[in-house]
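Report on the structure given below.
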2 protein chains.
Amino acid sequence: MDWKPVKQQYKTYHQQIIDWFTERIACGDFLPGMKCPTQRALALQFEVNRSTINTAMEELKANGLLETRVGAGTFIAENPWPHLLVHPKWQQHINASIHKPNIETIQLINDYEQREDIIRLGTGELAPELLPTKQLEDSLKLIKLPSRAIGYSEPQGHLALRESLCNHLHKRDIDTTPDNILIVSGALQAFQLIALGLLERGSLVFQQPASYLNSIHPFQSAGMQMVDLDLQSNIVEALQRTKKNRPAIVYSIPTLDNPTGRNWSQTDKVSIYEACKKLSIPILEDDVYGELQFEESNELPIKTLDTTGHVLYTGSVSKTISPGLRIGWVVGPKTVIQRLADIKMQTDYGSSALSQAVVTHWLTSGLYDQHLKNLKVSLQQRARYMEQLLECDFKDIATWETPIGGFYIWVRFEQPVITKALFLAVLEHKILINPGYIYQPNDFHHLRLSYAYASFEQMEKGLQLLAKMIKKLLLAEIS
Amino acid sequence: MDWKPVKQQYKTYHQQIIDWFTERIACGDFLPGMKCPTQRALALQFEVNRSTINTAMEELKANGLLETRVGAGTFIAENPWPHLLVHPKWQQHINASIHKPNIETIQLINDYEQREDIIRLGTGELAPELLPTKQLEDSLKLIKLPSRAIGYSEPQGHLALRESLCNHLHKRDIDTTPDNILIVSGALQAFQLIALGLLERGSLVFQQPASYLNSIHPFQSAGMQMVDLDLQSNIVEALQRTKKNRPAIVYSIPTLDNPTGRNWSQTDKVSIYEACKKLSIPILEDDVYGELQFEESNELPIKTLDTTGHVLYTGSVSKTISPGLRIGWVVGPKTVIQRLADIKMQTDYGSSALSQAVVTHWLTSGLYDQHLKNLKVSLQQRARYMEQLLECDFKDIATWETPIGGFYIWVRFEQPVITKALFLAVLEHKILINPGYIYQPNDFHHLRLSYAYASFEQMEKGLQLLAKMIKKLLLAEIS
């Protein structure tokens with residue numbers, strides 16, 4: 001019992017004490033009938049006045065959680081449960097509701113990513129030192145807010161932003177118009193809108209076997225079924241065989257795929273586009289890493305092949321400027337974009353006007369391009385460093401490809417060692433990894449490393465420890 | 001044929017010409033077999049070089065939309081349709097998908113609200129001159145962005161914002177902790193998350209007969225059924241009779257209800273809370289207008305009665321600072337808040353970091369309170385003015401209550417004149433109204449007026465014209 005109330009602006013000491021007692025009773029720490037310490041003892045222990053303890057105890061009695069037995073003192077009520085259980089059966093509501101919870105490993109990752117003292121070896125996010133914090137702050141000083149812009153948004157997002165995106169997308173060889181663009185709060189929201197607005201329950205979502213989509217589930221939660229698609233096969237046949245008469249969509253990250261970091265070959269892009277055209281299947285192309293290719297390459301999106309309105313193309317600034325802006329976009333046929341805009345208006349009434357104004361400023365002022373150039377240099381340095389570390393510690397137990405851009409190295413271990421047990425064991429050492437099984441269920445051979453987040457020192461420390469732990473595991477198995 | 005291509009940064013002339021031809025053919029303006037004008041004539045008409053026309057025509061031929069007959073000229077292809085119809089059957093996808101579209105009147109309202117030349121008599125939004133644009137711009141200059149803050153958000157939103165909200169909510173007599181708060185992108189998103197994360201399909205959502213929820217449909221689209229709840233009845237009995245064994249939630253705006261503008265009596269609040277407690281039904285309390293009561297009153301949220309974790313309370317800055325910020329909050333039991341945070345992370349990875357930083361600054365610096373004070377004065381002046389206009393023009397055909405806060409006057413006409421035909425007729429005069437049937441299906445007696453948006457001049461002009469049109473209708477019916 002080392003808890004004590006602390007000074008909080010929004011919660012009095014006695015309320016904190018009531019909550020603490022209630023929680024202890026609710027979770028079974030204090031059992032019915034147990035005798036309470038005296039008020040004097042509690043006052044001493046909590047370092048508060050006796051009158052505070054008294055107020056708390058009286059309220060707890062009024063709530064039926066404590067009871068006084070004359071001459072014997074105060075006790076946890078014999079039957080406090082009904083009082084604790086008046087609240088709606090929230091857990092029952094949660095279990096029965098529509099949306100799937102994140103799988104436990106991902107919930108743990110989300111939680112531990114908030115902690116300062118953790119080495120994050122797999123995080124799909126730029127390190128604080130790679131974020132253009134200072135430039136963003138400076139640009140805030142230059143932003144002009146037309147009054148209309150801070151009112152409710154136009155359904156498709158600010159026109160100025162959509163116009164500047166037309167120019168911007170031109171660099172990826174995409175020619176489009178503001179009417180064909182919807183501004184979203186990050187690419188993930190685009191998936192959500194597509195799931196709700198374009199697909200019916202039971203639709204199929206074709207994807208690569210190792211897929212970012214398996215680590216989130218906007219489609220699964222909306223009642224869609226994920227199906228692996230092998231690019232090596234005859235695609236038309238493969239799609240047709242599985243699809244039969246069901247509606248379907250193909251999800252792909254052809255440039256700097258997440259988690260594998262690979263680019264699709266041009267042949268693969270053409271094959272998938274032609275197959276989808278033939279079978280009237282829309283393609284959802286996720287290009288959030290597309291601008292992070294280290295070399296000036298000609299790897300262009302599938303969208304550039306699209307003369308028939310089959311491809312919904314998504315991008316965002318989350319991997320380039322900052323995920324905190326929550327700005328992304330979808331490019332597609334006008335009817336589809338209008339439909340998605342209508343759903344977006346029903347979902348959150350548009351994206352932050354401030355964020356839209358800042359991104360417009362960055363795209364039109366040249367800040368974006370300048371920052372991107374520097375960022376790619378930093379990322380490539382980090383990629384090289386991480387690969388050197390892998391060469392040292394992992395060469396004999398794993399393989400990988402040299403990164404050509406983006407954030408990730410998809411490391412393959414010969415033995416199936418990347419298990420939940422390993423995830424938890426390294427977490428005890430304050431190291432967070434993204435195991436392959438998040439992206440490909442039941443795959444215990446892969447690890448998604450990210451060189452975007454951890455510092456050089458953290459990479460070194462983290463990877464050394466990880467190598468040591470895995471090698472120990474392997475030895476244990478041999479012996 | 002008065003169209004011509006215009007200089008656009010992102011689209012060449014010949015691409016514009018191709019698109020224009022394609023659209024004309026697709027929509028049936030140009031019929032199969034029709035002869036095209038000569039290239040010379042087209043060049044003249046479009047004010048472009050002949051080579052531009054030539055490039056466009058060649059591509060249209062390659063696409064199978066035009067065909068050349070030797071010696072006779074160029075014609076629209078006899079069978080262009082298959083070429084136009086290769087794209088996926090988007091409309092079919094849209095029709096079959098999960099989310100309901102907005103009803104047509106609301107889609108029209110959303111669209112026309114974007115136009116500069118429209119008088120908006122019903123808009124639920126502050127007029128540009130009531131938005132603190134200048135102060136917002138000034139405050140942007142003071143914002144400090146810690147790097148972590150512009151990374152991916154903590155699942156429940158920035159801690160600093162949640163802490164400042166604890167103090168802020170205290171003014172509405174709500175005592176809570178940062179752990180019990182989820183930051184959302186406006187209250188509408190809260191509904192969406194609750195629909196997906198706490199309710200199962202087929203759940204009932206009890207609401208007032210005239211309800212804001214009927215004008216959006218986060219719950220209906222998620223498969224929930226809306227049920228009217230009469231506060232005059234025996235609530236326990238009414239809930240029980242309809243609910244039977246189905247899961248349910250009660251939605252309410254007890255302070256400055258939308259659309260009626262009314263406050264619930266304290267008795268009604270206690271009755272609903274006690275009834276829900278008895279039946280273990282959660283209450284969703286929408287308090288987005290709560291701070292806009294003109295008089296310092298003691299009208300407090302139902303949440304202040306809640307000792308048992310039944311009430312999910314939502315608020316936002318959309319009606320006070322600016323809807324463009326997209327910041328709102330939900331207050332509830334910790335387990336529920338964590339669940340909603342998990343779904344939010346899966347939906348859009350959190351709200352804009354910039355918007356969160358700005359709102360934190362406004363709440364902690366006193367800017368918010370100062371602005372709110374001035375805003376209420378302006379709103380009350382506008383309310384008085386609108387009521388004077390109503391006294392002049394509507395006294396003999398309608399009734400209403402003097403507004404006590406918020407944005408709205410819920411006008412009741414003796415005759416059922418507020419029809420879709422009237423909506424469209426006044427729209428022709430560039431006046432946008434929010435008919436009662438948006439909030440209460442098949443109610444043609446009510447009109448939701450808003451004094452928050454239109455200028456004094458617009459109110460006068462708009463209401464005079466509206467009165468004239470309605471009176472004409474009434475006369476026509478008598479004669």
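Just checking, which of A:Ala149, A:Ala127 is hydrophobic (A, V, I, L, M, F, W, C) and facing another protein chain (nearest Cβ under 7 Å)?
So the residue among A:Ala149, A:Ala127 that is hydrophobic (A, V, I, L, M, F, W, C) and facing another protein chain (nearest Cβ under 7 Å) is A:Ala149.
Of the residues in the stretch A:151-196, how many are among the hydroxyl-bearing types (Ser, Thr, Tyr) and crowded, with 24+ Cβ neighbours inside 10 Å?
Residues flagged as among the hydroxyl-bearing types (Ser, Thr, Tyr) and crowded, with 24+ Cβ neighbours inside 10 Å within the stretch A:151-196 amount to 2.
Could you tell me whether any residue of the stretch A:455-475 is within 28 Å of A:Tyr289 (Cα to Cα), modelled with pLDDT of 95 or more and not in a helix (DSSP H, G or I)? Scanning the stretch A:455-475 turns up at least one residue that is within 28 Å of A:Tyr289 (Cα to Cα), modelled with pLDDT of 95 or more and not in a helix (DSSP H, G or I). Checking each residue in the stretch B:275-292 for being surrounded by fewer than 23 Cβ atoms within 10 Å (Cβ to Cβ) and within 11 Å of chain A (Cβ to nearest Cβ) picks out B:Lys277, B:Lys278, B:Leu279, B:Ser280, B:Ile281. Residue count for the stretch B:380-398, restricted to those that are assigned to a helix (DSSP H, G or I), under 18 Å from B:Gln415 (Cα atoms) and without any contact (Cβ under 8 Å) to a residue 40 or more places away in the chain: 1. Evaluating A:Met224 against the criteria (1) farther than 28 Å from B:Asn102 by Cβ; (2) more than 7 Å from chain B (Cβ to nearest Cβ); (3) in contact (Cβ under 8 Å) with a residue 24 or more places away in the chain leaves one unmet condition, (1). Does the stretch B:257-270 contain at least one residue that is out of contact with any Ser or Thr (no Cβ under 7 Å at 6 or more places or on another chain), assigned to a strand (DSSP E or B) and at pLDDT 95 or above? Within the stretch B:257-270, not a single residue is out of contact with any Ser or Thr (no Cβ under 7 Å at 6 or more places or on another chain), assigned to a strand (DSSP E or B) and at pLDDT 95 or above. How many residues, within the stretch B:154-175, are touching a residue at least 12 places away in the same chain (Cβ under 8 Å) and facing chain A (nearest Cβ under 7 Å)? Number of matching residues: 4. Here A:Leu312 passes the criteria (1) surrounded by fewer than 24 Cβ atoms within 10 Å (Cβ to Cβ); (2) within 28 Å of the chain's Cα centre (by Cα) except the one numbered (1). Only one entry of B:Tyr349, B:Tyr408 meets the criterion of being within 12 Å of another protein chain (Cβ to nearest Cβ) and aromatic (Phe, Trp, Tyr), and that entry is B:Tyr349.
If you filter the stretch A:399-419 down to residues that are aromatic (Phe, Trp, Tyr) and part of a strand (DSSP E or B), you find that the one that is nearest to the chain's Cα centre (by Cα) is A:Tyr408.
For the stretch B:307-331, residues that are within 9 Å of another protein chain (Cβ to nearest Cβ) and not aliphatic (A, V, I, L, M) total 9. Listed by position, the helices (runs of 4 or more DSSP H) contained in the stretch A:43-139 that have at least 1 residues being modelled with pLDDT of 90 or more are A:50-62. What is the number of the single condition among (1) surrounded by 24 or more Cβ atoms within 10 Å (Cβ to Cβ); (2) in contact (Cβ under 8 Å) with a residue 40 or more places away in the chain that B:Gln346 does not meet? Of the numbered conditions (1) surrounded by 24 or more Cβ atoms within 10 Å (Cβ to Cβ); (2) in contact (Cβ under 8 Å) with a residue 40 or more places away in the chain, the odd one out for B:Gln346 is (2). Annotation: A:Arg172 fulfils all but one of (1) of a type in the set (Lys, Arg); (2) within 30 Å of A:Lys269 (Cα to Cα); (3) not assigned by TED's automatic domain parsing to the domain that holds A:Val359; the unmet one is (3).
Residues satisfying the criterion are present in the stretch A:350-367 (criterion: more than 20 Å from B:Gln92 (Cα to Cα), aromatic (Phe, Trp, Tyr), buried (at least 22 other Cβ atoms within 10 Å of the Cβ) and more than 22 Å from the chain's Cα centre (by Cα)). Screening A:Thr304 with (1) closer than 24 Å to A:Tyr212 by Cβ; (2) in contact with a Ser or Thr (Cβ under 9 Å, 6 or more places away or on another chain) gives one miss only, at (2).
For the stretch B:414-459, a tally of residues being under 22 Å from B:Gln381 (Cβ atoms), surrounded by fewer than 20 Cβ atoms within 10 Å (Cβ to Cβ) and touching a helix residue (DSSP H, G or I) at 6+ places or on another chain (Cβ under 7 Å) returns 1. B:Ile119 passes every criterion in (1) closer than 23 Å to B:Gly261 by Cβ; (2) at the interface with chain A (Cβ under 9 Å from one of its Cβ atoms) apart from (2). If you go through the stretch A:156-177 one residue at a time, do you hit one that is in contact with a Phe, Trp or Tyr (Cβ under 7 Å, 6 or more places away or on another chain) and under 30 Å from A:Phe423 (Cα atoms)? Scanning the stretch A:156-177, I find no residue that is in contact with a Phe, Trp or Tyr (Cβ under 7 Å, 6 or more places away or on another chain) and under 30 Å from A:Phe423 (Cα atoms), so the answer is no.
The residue of the stretch B:144-163 that is nearest to A:Leu140 (Cα to Cα), among those that are over 27 Å from the mean Cα position of the chain (by Cα) and outside any loop (DSSP other than H, G, I, E, B), is B:Ile150.
Filtering the stretch A:117-131 to residues that are surrounded by fewer than 21 Cβ atoms within 10 Å (Cβ to Cβ) and among the small types (Gly, Ala, Ser) leaves only A:Ala127. Within the stretch B:164-186, the set of residues being of a type in the set (Ser, Thr, Tyr), within 28 Å of the chain's Cα centre (by Cα) and not in a helix (DSSP H, G or I) comprises B:Ser185 only. In the stretch B:1-18, the residues that are at the interface with another protein chain (Cβ under 10 Å from one of its Cβ atoms) and modelled with pLDDT of 85 or more reach residues that are assigned to a loop (DSSP other than H, G, I, E, B) and exposed (fewer than 13 other Cβ atoms within 10 Å of the Cβ) with C-beta atoms within less than 9 angstrom, at least six apart or across chains, in these pairs: B:Gln16/B:Val6. Against the condition more than 18 Å from A:Arg326 (Cα to Cα), in the same structural domain as B:Leu279 (by TED's automatic domain parsing), out of contact with any Pro (no Cβ under 8 Å at 6 or more places or on another chain) and at pLDDT below 85, how does B:Ser316 come out, does it pass? Spelling it out, it is not the case that B:Ser316 is more than 18 Å from A:Arg326 (Cα to Cα), in the same structural domain as B:Leu279 (by TED's automatic domain parsing), out of contact with any Pro (no Cβ under 8 Å at 6 or more places or on another chain) and at pLDDT below 85.
Residues that are of a type in the set (Gly, Ala, Ser) and more than 23 Å from A:Ser355 (Cα to Cα) within the stretch B:358-374 comprise just one, B:Gly366. Taking the condition assigned to a helix (DSSP H, G or I) and surrounded by fewer than 19 Cβ atoms within 10 Å (Cβ to Cβ), does A:Val377 pass? Yes, satisfied.
Flag set for A:Leu449, criterion: of a type outside the set (Phe, Trp, Tyr), under 21 Å from the mean Cα position of the chain (by Cα) and under 14 Å from A:Phe394 (Cα atoms). The single condition among (1) of a type outside the set (Lys, Arg); (2) closer than 22 Å to B:Asn214 by Cβ; (3) part of a loop (DSSP other than H, G, I, E, B) that B:Leu422 does not meet is (3).
Among the residues of the stretch B:187-205, those identified as modelled with pLDDT under 90, within 8 Å of chain A (Cβ to nearest Cβ) and farther than 15 Å from B:Val311 by Cα are B:Leu196, B:Gly197, B:Glu200, B:Arg201.
The values are calculated or read from the model by the stated rules, or taken from the named source; none is laboratory data. The shown structure was predicted, so the numbers you read here are calculated from the model rather than taken from an experiment. FYI the Cβ positions are ideal-geometry reconstructions off the backbone, even for glycines, and counts take in every protein chain you see.
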